[in-house]
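Peer 1: First the structure, which I've put down as structure tokens, then a few questions once you've had a look.
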């Protein structure tokens with residue numbers, strides 16, 4: 001019997017050990033996956049797949065950046081002398097032009113004549129800029145293959161343009177997205193923290209039991225509403241309201257996102273801080289009141305300092321929800337990838353970008369990796385928040 | 001008793017295997033634009049032919065076509081023509097593909113009801129959506145900033161608009177990207193300076209559809225099903241089915257059903273443009 005009990009104890013112990021190990025491994029694995037996929041962006045060319053850029057062999061230009069390619073294909077820059085070449089206008093030559101220029105018969109039923117046609121066109125025109133796969137070119141290709149610089153750290157973190165599907169070269173500048181995320185989250189925290197704190201204080205200390213019994217379930221109900229519903233509410237009610245109130249050309253703004261996020265974070269903040277406030281021992285409160293302190297003095301000098309760590313925990317969880325929330329923000333912030341200068345401008349956040357684009361990004365491609373790299377940035381932002389809070393807590397214990 | 005149960009089980013298994021072999025089933029995958037149409041057509045077809053089962057999924061035109069290449073779908077639904085490089089891949093892997101146009105789809109350019117502008121040329125649209133024109137007074141309206149609404153970059157509609165209206169130029173960074181067509185209609189209806197583009201069926205009474213000219217302002221054409229059918233409305237695109245000629249026998253009856261009068265009636269009621 002004793003042996004049996006011991007065996008049960010051992011098994012329970014190992015089950016507990018196993019589950020905690022599995023959880024840790026899962027977390028580490030996810031972080032590893034995130035980083036390994038995301039960091040791949042810096043080893044990738046912004047040109048998708050097996051495509052290459054080719055020019056005539058007499059062209060002196062040796063390299064083009066993704067931004068330069070975008071300017072050329074957008075028609076903003078049309079001459080080679082803007083890139084250190086000769087004064088000669090740029091002739092764009094892609095498979096679409098091949099399709100327009102030659103008939104199906106000329107290309108052959110299985111496109112067997114296509115490579116030689118492409119080659120002779122490039123040789124005949126010194127100003128040509130071609131965009132093809134290696135298979136489209138003949139083995140004895142006469143032109144020059146132009147190397148495309150990989151996505152650099154500087155372009156990624158300081159680039160101001162996010163054109164993930166721009167062909168032929170995509171632009172991955174994350175600055176507007178990072179700033180947009182911070183902008184919306186900070187706004188949400190500024191709104192939610194004071195309101196949440198005041199409500200929780202009221203519910204824990206001032207409201208009578210009957211009122212509390214009505215208020216608490218109502219606030220908890222807020223947490224159960226799907227975020228899409230919040231998003232739609234924001235789009236139909238809040239966005240026009242903001243537009244009218246501030247007399248703006250457009251109502252989809254960072255402020256709309258902040259307000260919706262604040263409402264969504266409120267239940268978490270209120271419930272947890274209220275619980276923390278209620279853990280203040282009655283003896284402490286009574287001691288304070290017995291010394292002649294008013295109710296207000298007791299709240300500020302005794303209850304708040306005592307429940308500080310719980311309130312801090314509540315705000316981290318609230319912030320966590322705000323930074324990572326996707327759907328509601330996607331619907332109300334307008335998602336224009338511009339650098340925001342005020343709360344009354346449209347912004348695009350990182351979670352919204354990942355949610356909107358991951359479904360169509362080819363697995364393992366540059367765009368896919370860029371979205372994972374955005375995930376790393378998001379991870380680092382939340383990680384910083386958490387560390388700051390831990391530091392604040394540690395400081396309190398020392399005191 | 002045991003024997004009895006066993007023999008029943010064997011019989012049942014045999015029966016199910018037998019009936020399974022009689023059943024025709026195939027998969028359709030690809031464009032989200034075509035998805036609702038394929039679903040309705042498949043439902044109606046399965047109602048008429050109970051021995052056929054069709055599963056329809058979305059994912060985007062590109063996803064459908066690459067699934068056709070890898071053999072994970074039988075029909076690829078696409079809101080654009082197969083690209084020359086995709087065709088190349090098919091040829092390289094030795095597969096012959098059949099293309100069928102099953103219906104058409106037109107895009108309406110929509111503005112707020114309070115906007116005085118009622119027609120634009122393609123060049124003006126390009127200017128507006130790429131950010132070169134930023135005030136309505138530049139195109140004959142009042143002095144009011146233009147707010148550009150677009151679909152997300154992952155949408156086939158975004159690609160189509162970029163290719164056929166913007167001449168492949170990029171949208172302005174200040175364009176607001178909305179996650180759904182309904183959201184664009186909602187936003188345009190409540191924003192005075194707004195402009196956006198949606199499928200013909202989505203442009204309801206809460207917004208105004210613009211007349212569009214593709215001949216530098218000589219003729220402006222209304223966005224409606226009749227004009228899209230006779231090809232005078234320029235922002236129209238065919239919707240395609242692609243399948244391997246080797247399985248033509250299996251899928252042909254379904255494709256024929258869509259092209260039939262009954263199938264095209266479904267096309268019309270769903271707000272797409274029928275072929276005839």
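The values are calculated or read from the model by the stated rules, or taken from the named source; none is laboratory data. Treat the numbers as computed from the prediction; the structure is a model and nothing was measured. All Cβ positions, glycine included, derive from the backbone under ideal geometry; neighbour counts span all protein chains shown.
Peer 1: Restricting to segment B:77-87, what's the tally of residues that are over 18 Å from residue B:29 (Cα atoms) and either crowded, with 18+ Cβ neighbours inside 10 Å or modelled with pLDDT of 85 or more (or both)?
Peer 2: Step one: of segment B:77-87, the residues over 18 Å from residue B:29 (Cα atoms) are B:84-85.
Of the ones still in play, those that are also either crowded, with 18+ Cβ neighbours inside 10 Å or modelled with pLDDT of 85 or more (or both) are none.
Adding up the residues that qualify gives 0.
Peer 1: For segment A:25-45, does any single residue satisfy the condition of being within 14 Å of chain B (Cβ to nearest Cβ) and surrounded by 18 or more Cβ atoms within 10 Å (Cβ to Cβ)? First the steps, then the outcome.
Peer 2: Here is the first cut: in segment A:25-45, the residues within 14 Å of chain B (Cβ to nearest Cβ) are none.
Checking segment A:25-45: not a single residue is within 14 Å of chain B (Cβ to nearest Cβ) and surrounded by 18 or more Cβ atoms within 10 Å (Cβ to Cβ).
Peer 1: So, one more: If I filter segment A:325-347 down to residues being within 15 Å of residue A:258 (Cβ to Cβ) and assigned to a helix (DSSP H, G or I), which single residue comes out as modelled with the highest pLDDT?
Peer 2: Filtering segment A:325-347 for residues that are within 15 Å of residue A:258 (Cβ to Cβ) and assigned to a helix (DSSP H, G or I), the one modelled with the highest pLDDT comes out as A:332.
Peer 1: Ok, one more. Would you point out the residue of segment B:228-248, among those that are within 12 Å of residue B:99 (Cβ to Cβ) and surrounded by 13 or more Cβ atoms within 10 Å (Cβ to Cβ), that is farthest from the chain's Cα centre (by Cα)?
Peer 2: B:244
Peer 1: Just to be sure before I move on: is residue B:154 surrounded by fewer than 23 Cβ atoms within 10 Å (Cβ to Cβ) and within 14 Å of chain A (Cβ to nearest Cβ) in the structure I sent?
Peer 2: Values: surrounded by fewer than 23 Cβ atoms within 10 Å (Cβ to Cβ): yes; within 14 Å of chain A (Cβ to nearest Cβ): yes.
In short, yes.
Peer 1: Out of all the residues in segment B:38-63, which are within 12 Å of chain A (Cβ to nearest Cβ) and part of a helix (DSSP H, G or I)? Show your work before the answer.
Peer 2: If we filter segment B:38-63 for residues that are within 12 Å of chain A (Cβ to nearest Cβ), which is where we start, we get B:58-63.
Selection gives B:61, B:62, B:63.
Peer 1: If you don't mind, another one. Which members of segment B:168-205 meet the condition of being closer than 16 Å to residue A:249 by Cβ and more than 8 Å from every other protein chain (Cβ to nearest Cβ)?
Peer 2: Within segment B:168-205, B:172, B:188, B:189, B:195, B:196 meet the criteria.
Peer 1: Answer with yes or no whether residue A:34 is part of a helix (DSSP H, G or I) and within 22 Å of the chain's Cα centre (by Cα). Break it down stepwise before answering.
Peer 2: Details: part of a helix (DSSP H, G or I): yes; within 22 Å of the chain's Cα centre (by Cα): yes.
Taking the combined requirement at face value, the residue satisfies it.
Peer 1: In segment A:153-173, how many residues are in contact with a strand residue (DSSP E or B) (Cβ under 9 Å, 6 or more places away or on another chain), within 12 Å of chain B (Cβ to nearest Cβ) and over 23 Å from residue A:343 (Cβ atoms)?
Peer 2: Of the residues in segment A:153-173, 8 are in contact with a strand residue (DSSP E or B) (Cβ under 9 Å, 6 or more places away or on another chain), within 12 Å of chain B (Cβ to nearest Cβ) and over 23 Å from residue A:343 (Cβ atoms).
Peer 1: Within segment B:38-61, is even one residue on the phi < 0 side of the Ramachandran plot and at pLDDT below 85? If you could, list the steps in order and put the result at the bottom.
Peer 2: Filtering segment B:38-61 down to residues on the phi < 0 side of the Ramachandran plot leaves B:38-58, B:61.
Applying the additional criterion that residues be at pLDDT below 85 yields B:58, B:61.
Among the residues of segment B:38-61, at least one is on the phi < 0 side of the Ramachandran plot and at pLDDT below 85, which makes the answer yes.
Peer 1: Looking only at residues that are at pLDDT 85 or above and at the interface with another protein chain (Cβ under 10 Å from one of its Cβ atoms) in segment B:157-167, which one is surrounded by the most Cβ atoms within 10 Å (Cβ to Cβ)? Break it down stepwise before answering.
Peer 2: Filtering segment B:157-167 for residues at pLDDT 85 or above gives B:158, B:160-167.
When the remaining residues are screened for being at the interface with another protein chain (Cβ under 10 Å from one of its Cβ atoms), the result is B:158, B:162-163, B:166-167.
Numbers: B:158: 18, B:162: 21, B:163: 15, B:166: 18, B:167: 13.
Residue satisfying both the conditions and the ranking: B:162.
Peer 1: Sticking with this structure for a sec: Among the helices (runs of 4 or more DSSP H) lying completely within segment A:174-258, list those that include at least 2 residues that are away from chain B (no Cβ under 14 Å) and farther than 29 Å from residue B:149 by Cβ. Walk me through it before giving the result.
Peer 2: Working: elements: A:175-201, A:209-224, A:227-233, A:239-245.
Of the helices (runs of 4 or more DSSP H) lying wholly inside segment A:174-258, those with at least 2 residues that are away from chain B (no Cβ under 14 Å) and farther than 29 Å from residue B:149 by Cβ span A:175-201, A:209-224.
Peer 1: Mind listing whichever residues of segment B:73-86 are more than 8 Å from chain A (Cβ to nearest Cβ) and either farther than 20 Å from residue B:238 by Cβ or assigned to a helix (DSSP H, G or I) (or both)? I'd like the intermediate steps shown before the answer.
Peer 2: Filtering segment B:73-86 down to residues more than 8 Å from chain A (Cβ to nearest Cβ) leaves B:73-82, B:86.
Within segment B:73-86, B:74, B:86 qualify.
Peer 1: Taking residue B:213 as meeting all but one of (1) free of Cβ contacts under 8 Å to residues at least 12 places away in the same chain; (2) away from every other protein chain (no Cβ under 11 Å); (3) surrounded by 16 or more Cβ atoms within 10 Å (Cβ to Cβ), write down the number of the exception.
Peer 2: All conditions are met except number (1).
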